[in-house]
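Here the structure is laid out as structure tokens; the discussion comes afterwards.
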Amino acid sequence: MPNFWNNSALEPKRQHRWLVYLNGANIPSYVAKQVDKPSFTVNETEHKYFGHSFFYPGHVTWETISLTLVDPIDPDTSQELMSILRDAGYEDPSNHPNGALKTVSKADSVRALGGIIKLEQVAGKDNTVIETWQLYNPWIRDCKFGSLAYDSDDMVEITLTIRFDWAKIS
């Protein structure tokens with residue numbers, strides 16, 4: 001049985017070798033600091049019969065992912081995310097004396113992110129892509145623009161929660 005601990009030709013996938021592509025956004029891969037790989041849940045239905053419980057699989061639900069970005073001065077990731085929100089249909093109420101006339105839609109939200117988010121894991125030897133995830137119909141559910149503190153030298157981080165309909169791996 002192969003054992004990668006004793007065989008230098010075998011290597012596990014590593015957490016620090018990856019790229020993320022937000023196709024519709026002007027956000028380069030190098031500002032991404034952390035991302036969750038996709039995960040799913042299969043709901044269950046219980047059937048009781050003569051004092052026993054039997055369980056059957058139900059709907060598949062793809063869970064949200066978290067994406068952490070650093071916020072450089074140029075390109076300004078905060079400004080780009082606000083542009084994505086406007087492209088999704090958000091309009092500042094101060095633009096209209098009677099309130100905003102537009103609202104966010106799924107079609108515009110998905111289009112603002114380019115329709116697909118792609119995650120690639122790469123091998124260390126020659127940066128060959130060894131795994132690709134494609135997340136379909138993604139949109140930003142939550143955006144936290146980070147924190148500021150006088151006692152910290154850390155970079156400002158932006159945390160996104162991304163909702164999507166389904167994912168494929170290749």
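The values are calculated or read from the model by the stated rules, or taken from the named source; none is laboratory data. Since this is a predicted model, take the numbers as computed values, not measurements. As a convention, Cβ positions derive from the backbone with ideal geometry for all residues, glycine included, and neighbour counts pool all protein chains shown.
Of all residues in region 44-69, those satisfying the criterion of being over 30 Å from Ile140 (Cβ atoms) and in a loop (DSSP other than H, G, I, E, B) are Phe50, Gly51.
Could you look through region 65-77, keep only residues that are in contact with an Asp or Glu (Cβ under 8 Å, 6 or more places away or on another chain) and surrounded by fewer than 17 Cβ atoms within 10 Å (Cβ to Cβ), and pick out the one that is nearest to Asn26 (Cα to Cα)? Step through it out loud before you land on a result.
Of all residues in region 65-77, those in contact with an Asp or Glu (Cβ under 8 Å, 6 or more places away or on another chain) come to 65-71, 77.
From what is left, the residues that are surrounded by fewer than 17 Cβ atoms within 10 Å (Cβ to Cβ) are 66, 68, 70.
Working: Ser66: 19, Thr68: 16, Val70: 14 Å.
Looking at residues that are in contact with an Asp or Glu (Cβ under 8 Å, 6 or more places away or on another chain) and surrounded by fewer than 17 Cβ atoms within 10 Å (Cβ to Cβ), I get Val70.
The set of residues in region 20-43 being in contact with a Phe, Trp or Tyr (Cβ under 9 Å, 6 or more places away or on another chain) and either assigned to a strand (DSSP E or B) or modelled with pLDDT of 95 or more (or both) consists of Ala32, Val35, Lys37, Pro38, Ser39, Phe40, Thr41. On the given criteria, is Leu101 out of contact with any Pro (no Cβ under 7 Å at 6 or more places or on another chain), more than 26 Å from Asn26 (Cα to Cα) and of a type in the set (A, V, I, L, M)? For Leu101, the condition - out of contact with any Pro (no Cβ under 7 Å at 6 or more places or on another chain), more than 26 Å from Asn26 (Cα to Cα) and of a type in the set (A, V, I, L, M) - is met.
Do you know which residues across region 78-108 are touching a Gly at 6+ places or on another chain (Cβ under 7 Å), part of a helix (DSSP H, G or I) and surrounded by 14 or more Cβ atoms within 10 Å (Cβ to Cβ)?
First pass over region 78-108, keeping only residues touching a Gly at 6+ places or on another chain (Cβ under 7 Å): 93, 102-105, 108.
Subsequent filtering for residues that are part of a helix (DSSP H, G or I) retains 93, 108.
Correct list: Asp108 only.
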